[in-house]
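First the structure, in the form of structure tokens, and then the observations on it.
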Amino acid sequence: VKWSWLGDNTDKLMRYGTEHVRLAAMALVIGAVVSIPLGAACHRQRWLYAPVLSIAAVLYAVPSLALVFLLLSWFGLSNWVVVLPLATYTLVIVVRNVVDGLGAVDHSLVDAAVALGYRSQSRLWRVEMPAASATVVAGLRIASLSTVSLVTIGGLVGSGGLGQLFIEGSQIDNPVEVVAGIVLTAAVALAFDVIIVMAYRVLAPWSRTR
Amino acid sequence: MSLFSDTVDYIVTAANWRGRSGIGQRLIEHVQYSVLTVAIAAAIALPIGVAIGHRVGRRGNAGWLGRLAVVSSSSARALPTFGLMVLVIQQWPGSVLSVWPVVVALVVLAVPPMLANAVVGISEVSPGVRDAARGMGLTERQVLTNVELPLAASLLLSGVRSSTLQVVATLPIAAYSGQGTLGRLLIDGLATRNFAVAAAGSVMIVAVALACELSFVLVGRVRT
């Protein structure tokens, strides 16, 4: 086992690591940005609720790996081949939590906001969404963990990221490279989790007191 | 012909289903390996999870060993299955060309959801129900089998369901280690630039995953 390989290949590790972070972050940001207004719309417009959540339940069961290969076969290689399936995965997890979180907001809180003169839209974004945010963040953390791990699948189709280390490590039979890939992937997952939790604490100071 | 209709054609052509490398054989392998993996993972995760859940319900904490099991299982979720499989092949001489590397890697993926749900399901049984059972003279073992397990059954089932779904979805990486499964169509289709085959494999995997999810929904309905 040649651990010196690590020192000689820091450039490569950095490059794949950066690609990995970029792909995972794109998927998470797109998934979250779409799911929050979509979940809010489902909460407000009851007719949207059943169709959106049914579609989400079906999409949740669709394997990202299969979607990656399907997109690759039909449209050729690009970042989207990996980002789109994982953004969808994030979307279906988070949208459910947005709807559940908004549904669980205390009615007296909503009534109080109405009494204080909040109108529909500002009540949603300033009162209900903050109250539901803990559930939303919990969903985002689950999605983030799976997404970071699943980006390695992209190695199979040559989309870059840390999965590339598994392919190369197995081709030249270099366990150090494979272990480095596993450890770095877990480290990226941990870093994403810490960033989400820290960001939540900064953006939602009331969550710290609980 | 568009790639889309080529994909459909490939799936509906009966000849592509037959033979030792046909879709039929790949489908059977996919189901066999999935069942094997989920069975092994359940045999590990459920007894441990139930035991920890029972202790939490009885004493209010999991104990250091229980906490260790819960923490290591939930940390294992961060490990990439593909990398684990490659590592097992390299570190276990003789495992090359066998199905075990992918099974080991997938067991690591499948244990955490089942274990977590078992712990939560058993420990969240209401203390009143548990005390009533003891008051009626049930032994600790009877409390577990006659009261806690039936009440936790739906959560246990949903743990098995999410594990199974993840196993079915991730099993195609087995093809990278030279095994069969529907992943064979993905890897070979890509390698030979026969994209209709890769797309057909993807569609089949989606179909298996949806069928699997549907059967769990039905099992859940029958049970309740």
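The values are calculated or read from the model by the stated rules, or taken from the named source; none is laboratory data. Since we're looking at a predicted model, the values are computed, not measured. A quick note on method: Cβ atoms are made from the backbone with ideal geometry, for glycine too, and the neighbour counts reach across all protein chains shown. Surface areas here come from the heavy atoms of the whole protein model, side chains and all, with no ligands, DNA or RNA. Shrake-Rupley method; radii C 1.70, N 1.55, O 1.52, S 1.80 Å.
Residues being outside any helix (DSSP H, G or I) and facing chain B (nearest Cβ under 10 Å): count how many of those fall in the range A:139-160.
Summing the residues that are outside any helix (DSSP H, G or I) and facing chain B (nearest Cβ under 10 Å) in the range A:139-160 gives 1.
Using beta carbons and a limit of 8 Å, which pairs, at least six apart or on different chains, have the first residue in the range B:69-97 and within 17 Å of B:Leu171 (Cα to Cα) and facing chain A (nearest Cβ under 8 Å) and the second one open to solvent by less than 60 Å² (accessible area, probe 1.4 Å) and among the aromatic types (Phe, Trp, Tyr)?
B:Pro80/A:Phe166; B:Phe82/A:Phe166; B:Gly83/A:Phe166; B:Val86/A:Phe166
What helices (runs of 4 or more DSSP H), lying completely within the range A:25-108, carry at least 1 residues that are among the charged types (D, E, K, R)?
A:46-61, A:80-103
When the residues of the range B:210-224 are filtered to those that are of a type in the set (A, V, I, L, M, F, W, C) and more than 8 Å from chain A (Cβ to nearest Cβ), which remaining residue is nearest to the chain's Cα centre (by Cα)?
The selected residue is B:Phe216.
For residues that are open to solvent by less than 60 Å² (accessible area, probe 1.4 Å) and either of a type outside the set (A, V, I, L, M, F, W, C) or touching a Gly at 6+ places or on another chain (Cβ under 7 Å) (or both), scanning just the range A:23-50, find the one that is nearest to A:Ser78 (Cα to Cα).
A:Leu23
Scan the range B:62-69 and tell me whether some residue there is more than 19 Å from B:Gly159 (Cα to Cα), open to solvent by 30 Å² or more (accessible area, probe 1.4 Å) and part of a loop (DSSP other than H, G, I, E, B).
Taking every residue of the range B:62-69 in turn, none turns out to be more than 19 Å from B:Gly159 (Cα to Cα), open to solvent by 30 Å² or more (accessible area, probe 1.4 Å) and part of a loop (DSSP other than H, G, I, E, B).
What residue, of A:Glu168, A:Glu177, is among the acidic types (Asp, Glu) and open to solvent by 20 Å² or more (accessible area, probe 1.4 Å)?
Answer to the check: A:Glu168.
So if I check each of B:Val125, B:Val143, which one is part of a helix (DSSP H, G or I) and either open to solvent by 20 Å² or more (accessible area, probe 1.4 Å) or more than 14 Å from chain A (Cβ to nearest Cβ) (or both)?
Residue meeting the stated conditions: B:Val143.
Please count how many residues of the range B:178-193 are within 11 Å of another protein chain (Cβ to nearest Cβ) and either more than 20 Å from B:Arg20 (Cα to Cα) or in a helix (DSSP H, G or I) (or both).
Counting residues in the range B:178-193 that are within 11 Å of another protein chain (Cβ to nearest Cβ) and either more than 20 Å from B:Arg20 (Cα to Cα) or in a helix (DSSP H, G or I) (or both) gives 8.
What is the number of the single condition among (1) on the phi > 0 side of the Ramachandran plot; (2) under 14 Å from the mean Cα position of the chain (by Cα) that A:Gly117 does not meet?
Looking at each condition in turn, A:Gly117 falls short on (2).
Any idea which residue in the range B:210-224 is most open to solvent (accessible area, probe 1.4 Å), counting only those that are under 17 Å from B:Val38 (Cβ atoms) and touching a residue at least 12 places away in the same chain (Cβ under 8 Å)?
The extreme case among them is B:Val219.
Can you name the number of the only condition in (1) within 13 Å of chain B (Cβ to nearest Cβ); (2) open to solvent by less than 30 Å² (accessible area, probe 1.4 Å) that A:Val127 fails?
(1)
Checking the condition open to solvent by less than 60 Å² (accessible area, probe 1.4 Å), out of contact with any strand residue (DSSP E or B) (no Cβ under 9 Å at 6 or more places or on another chain), over 27 Å from B:Pro101 (Cα atoms) and within 11 Å of chain A (Cβ to nearest Cβ), which residue from B:Ala207, B:Ala196, B:Ala153 passes?
Testing whether each residue is open to solvent by less than 60 Å² (accessible area, probe 1.4 Å), out of contact with any strand residue (DSSP E or B) (no Cβ under 9 Å at 6 or more places or on another chain), over 27 Å from B:Pro101 (Cα atoms) and within 11 Å of chain A (Cβ to nearest Cβ) leaves just B:Ala196.
Let me confirm something: among B:Ala110, B:Ala116, B:Ala51, which residue is within 24 Å of B:Ser154 (Cβ to Cβ), under 22 Å from the mean Cα position of the chain (by Cα), within 14 Å of chain A (Cβ to nearest Cβ) and open to solvent by 20 Å² or more (accessible area, probe 1.4 Å)?
Answer to the check: B:Ala116.
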